[in-house]
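Chemist: Below is one structure. I have some questions about it.
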Amino acid sequence: MSQNVEPKRGREQRVTKQRLAVEAAVGRLDDFVSAQELHRLLQDTGEKVSLATVYRILQSMAEDDLLDVVRSGEGEAAYRRCEAEVHHHHLVCRSCGKGVEVEAPAVESWAVRVAAEHGFTESSHTVEIYGYCPECTRQRAAADGQETA
């Protein structure tokens, strides 16, 4: 069953075959994916998109707030289609990459207050909390011979 839904677009209005392929691939994924992983998935399905083009399109989509972006401890960016319409933060599994969007009103008010206290205006922030999702926690405990509650 195919749906003809026009993807939301921001500044980059040029619609190319490569952009449509990247948008479709990201739309099929539930969790965060790196540019390299997405490029590999596109190659596996026969799409002809260079790694540089995948990076450029993901960056453009992120700048247009079409994608959430988180960075690993090594600084590698991972992308996922935005699900929430409001500002939100993420819990990210260190093992499988699963991402959970969370709203944090206390963080929002804290960020506004701290920025104002230091004379900053038009501030923004990003919060990612890294840990292990319940499934990976169970797998790690089982590998260590431990039981989890």
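Chemist: Restricting to the stretch 102-146, name every residue that is among the polar types (S, T, N, Q) and either assigned to a helix (DSSP H, G or I) or at positive phi (or both). Walk me through it before giving the result.
Modeler: Residues of the stretch 102-146 among the polar types (S, T, N, Q): 109, 121, 123-124, 126, 137, 139, 146.
Listed by number, the residues that qualify are S109, T137, Q139.
Chemist: Which members of the stretch 59-80 meet the condition of being crowded, with 16+ Cβ neighbours inside 10 Å and assigned to a strand (DSSP E or B)?
Modeler: Result: L67, D68, V69, V70, A77, A78, Y79, R80.
Chemist: Oh, and also: Look at Y55 and say whether it is in contact (Cβ under 8 Å) with a residue 12 or more places away in the chain, part of a strand (DSSP E or B) and either assigned by TED's automatic domain parsing to the domain that holds E103 or touching a helix residue (DSSP H, G or I) at 6+ places or on another chain (Cβ under 7 Å) (or both). Full working, then the answer.
Modeler: Values: in contact (Cβ under 8 Å) with a residue 12 or more places away in the chain: yes; part of a strand (DSSP E or B): no; either assigned by TED's automatic domain parsing to the domain that holds E103 or touching a helix residue (DSSP H, G or I) at 6+ places or on another chain (Cβ under 7 Å) (or both): yes.
So Y55 does not fit the description; no.
Chemist: Any idea which residue in the stretch 95-114 is surrounded by the fewest Cβ atoms within 10 Å (Cβ to Cβ), counting only those that are free of Cβ contacts under 8 Å to residues at least 40 places away in the same chain and charged (D, E, K, R)?
Modeler: To start, the set of residues in the stretch 95-114 that are free of Cβ contacts under 8 Å to residues at least 40 places away in the same chain comprises 100-114.
From what's left, charged (D, E, K, R): 101, 103, 108, 113.
Values: E101: 14, E103: 12, E108: 16, R113: 10.
Selected residue: R113.
Chemist: Could you please find all residues in the stretch 4-32 being at pLDDT below 90, within 15 Å of the chain's Cα centre (by Cα) and surrounded by 13 or more Cβ atoms within 10 Å (Cβ to Cβ)?
Modeler: L29, D31, F32
Chemist: Anything in the stretch 39-52 that is exposed (fewer than 14 other Cβ atoms within 10 Å of the Cβ) and outside any helix (DSSP H, G or I)? List them, or say none.
Modeler: Those that are exposed (fewer than 14 other Cβ atoms within 10 Å of the Cβ) and outside any helix (DSSP H, G or I): T45, G46, K48, S50.
The values are calculated or read from the model by the stated rules, or taken from the named source; none is laboratory data. Just so it is clear, the model here is predicted, and its values are computed rather than measured. Here Cβ is always computed from backbone atoms with ideal geometry, including for glycine, and neighbour counts include all displayed protein chains.
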